[in-house]
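Colleague: Before we start, here is the structure in question, set down as structure tokens.
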Amino acid sequence: MAWRSKRKVMHAYNVTAEIYDGRYSLEQHRKYRKALENVDVSGVNVLDVGCGSGLFFDEVTDKASMVVGVDVSKKLLIKATRRVAKNMHVLQADADHLPFKDGAFQAAFSFTVLQNLPKPQRTLQEIRRVTGKGCKIAITGLKKAFLQTAFHDLVEQSGMQTEVFYDVDEINCYIAVLSA
């Protein structure tokens, strides 16, 4: 059941890959800037879960030691490879089964992903696993998919501490910065 749901999401993003940047770039960059107000990526290994076409890479590449983007959509990853610099890598992976060792990253981001997954709690546990203790994790939840209380509950059940929470009118997502 879960895999079937993920395949539908993968297909939907594969179909819209060519128009993704034009449709979502402005909105995504608003989220990136807000999250980065509270997460320092200078000299650390950064994970972007659900990296899509790699729009976020532009925001962190010059600061981070290494940036790794994962996504389930092959066509979006093809677009992301066009943005790859020497300290960046992309790979196709399931957000619930990340192919990294425990604590491999010092910061993680997941923008507009959780509402697309059948078990977002599992995804948060997996992101927490691959980040070190005390590291920052920035996540978003699409407002039309989550009531604010439901998003807060999801974050609370993750076992991580909420450092900052944003509900900004001009951004279509809630943004939470957590401490692993």
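The values are calculated or read from the model by the stated rules, or taken from the named source; none is laboratory data. Treat the numbers as computed from the prediction; the structure is a model and nothing was measured. Every residue, glycine as well, gets a Cβ built from its backbone with ideal geometry; the counts of neighbours run over all protein chains shown.
Colleague: Confirm whether Lys86 is modelled with pLDDT under 95 and assigned to a loop (DSSP other than H, G, I, E, B).
Modeller: So Lys86 fits the description; yes.
Yes or no, residue by residue, for (1) out of contact with any Asp or Glu (no Cβ under 9 Å at 6 or more places or on another chain); (2) of a type outside the set (A, V, I, L, M, F, W, C):
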residue: Tyr32; (1), (2): no, yes
residue: Cys51; (1), (2): no, no
residue: Leu76; (1), (2): yes, no
residue: Lys86; (1), (2): yes, yes
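Colleague: For residues in region 87-110 being surrounded by fewer than 22 Cβ atoms within 10 Å (Cβ to Cβ) and among the aliphatic types (A, V, I, L, M), which is farthest from Ser53 (Cα to Cα)?
Modeller: Looking at residues that are surrounded by fewer than 22 Cβ atoms within 10 Å (Cβ to Cβ) and among the aliphatic types (A, V, I, L, M), I get Ala104.
Colleague: Step by step: first the residues of region 77-86, then only those that are closer than 12 Å to Gly52 by Cβ and not β-branched (Val, Ile, Thr), then the one that is surrounded by the most Cβ atoms within 10 Å (Cβ to Cβ). Which residue is that?
Modeller: The residue in question is Ala80.
Colleague: For residues in region 57-75 being touching a residue at least 60 places away in the same chain (Cβ under 8 Å) and more than 14 Å from the chain's Cα centre (by Cα), which is surrounded by the fewest Cβ atoms within 10 Å (Cβ to Cβ)?
Modeller: Top of the filtered list is Lys74.
Colleague: Give the residues of region 26-42 that are closer than 22 Å to Arg129 by Cβ and among the small types (Gly, Ala, Ser), sorted by residue number.
Modeller: Within region 26-42, just Ala35 meets the criteria.
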